[in-house]
Amino acid sequence: VIRGQVLVATGGEVVFSEELPEPPQDASDDELVHYGTLPYLMPYLRMRAAHVPHVVAVVDHVEAELTVAPSGAEPQSRRVRGGDHPVHKAHVGSHHENEKNLQYHVEEQWKENAREAAEEIAKQAMRIGAETVVLAGDPQQRKLVHESLPTGVRERTVQTEAGHTDRKSSGESLRREVDDTVWATVETRADASIREFEQERGRHRKQILAAEGWRQVVTALQRGQVQTLLWSGSGEVSWLHVGPVPNQVAMERHELTDMGVASPGTAPASAAVAWAAAGTDAEMVMVDPDKFELDGGIGAILRFPTGSTPQEQ
């Protein structure tokens, strides 16, 4: 299997390494190898944006097979095995008391196994901050597991008919279902950010919680205002000036010297804004330029309006 890898090194040692599910297909030579003040991670971030953290659970009446896929790490496997006696019901239509008794105990065992599976699914989902959970397998057990999930996890769970544990041929259909579900989650998150941005941008008031274009967004990053950075990758600014602190990013060198930065450096604009966003705890959302146009290819949803401070909110 051909994969890719992203490496960041400084001072003679690798400080960040991650395997990619596939090699980058649309990166230029300058994007594939970069040497400079900041790591150039935009190609990696574009690939990572399509892989939100998620959990896949394939269940039957006895066990649950989990695939836990954190953001920025290799998927991990977990197996939860419940009690297996009794798990098979008596023949339908039997009215013998002992067989009714057996059916009751079977259903109770199913419920207990479902609770154990749901507990582990919820634990792993919360551990990695899963944005979606795909629940597959036996329809009866799937329903019981779904009902046993905590409300917050259940709301993010999608059930699928694919992936019965006893159907080897279902693996490909389950993979497609997972891919579709993850991609739908990515698009839903991006659409929600775009709607919020549009609402703020369209408000007729002095204090709005949106910034658009390089000058406005860079200024907002300097002030730690940015809650969500919207990036379409179609901007015209190539380089920005940077200092040793993430919010020290500027269009003009003198802006940083005025802030007390003795020797500002330069970095690719996308690397600088990504570093500033990460360093100020801002979310970054990739926007399809064919679906939504941003002035300069960049915009931001703000934590607080320009002219105020976080303490005033």
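Taking the chain as the reference, fit the longest principal axis to its C-alpha atoms, fit the long axis of helix 97-128 to the helix C-alpha atoms, and give the angle between the two in degrees, 0 to 90, nearest 10. Between helix and principal axis, roughly 10 degrees. For residue 134, the residues whose modelled amide H falls within less than 5 Å of its own, excluding neighbours fewer than 5 places apart on the same chain, are 55, 56, 57, 158.
For residue 306, the amide hydrogen comes within under 5 Å of the amide hydrogens of 208, counting only partners 5 or more places away or on other chains and with H modelled in the peptide plane.
Calculate how steeply helix 171-201 sits against the longest principal axis of the alpha-carbon atoms of the chain, using the helix alpha-carbon long axis, and give the answer as 0 to 90 degrees to the nearest 10. The helix 171-201 is inclined about 40 degrees to the chain. Proximity of backbone amide H atoms, modeled 1.01 Å from N, is registered between residue 282 and no other residue at under 5 Å, excluding neighbours fewer than 5 places apart on the same chain. Ellipsoid semi-axes for region 106-162, based on the Cα gyration tensor and the rule √(5λ), read 19, 13, 8 Å when sorted largest first. The radius of gyration of the Cα set in the chain, together with its Dmax, comes out at 24.9, 89 angstrom.
The Cα center of region 56-84 and the Cα center of region 222-277 differ in position by 42 Å.
Phi-derived couplings, Karplus 6.51 cos²θ - 1.76 cosθ + 1.60 at θ = phi - 60°, listed residue by residue for region 261-272: 7, 5, 9, x, x, 10, 8, x, 4, 5, 5, 5 Hz, with x used for Gly and Pro. In the chain, the calculated helix contribution to ellipticity at 222 nm averages -11500 deg cm²/dmol per residue, counting -39,500 (n - 2.57) for every DSSP H run with n ≥ 4. Sequence-ordered 3J(HN,Hα) estimates for region 135-141 from the Karplus curve with 6.51, -1.76 and 1.60 and θ = phi - 60° stand at 10, 10, x, 4, x, 5, 5 Hz, glycine and proline given as x.
Non-local lysine pairs in the chain, meaning eight or more places apart or on different chains, with alpha-carbon distances under 29 Å, amount to 13.
Across region 268-289, the residues whose backbone nitrogen lies under 18 Å from the label position 7 Å along the beta-carbon direction of residue 192 are 282-288.
Read-outs throughout are calculated quantities, based only on the coordinates presented, and are distinct from any laboratory measurement. Nothing here was measured: the structure is a model prediction, and the numbers come from that model. Backbone-built Cβ (ideal geometry, glycine too); neighbour counts: all protein chains shown.
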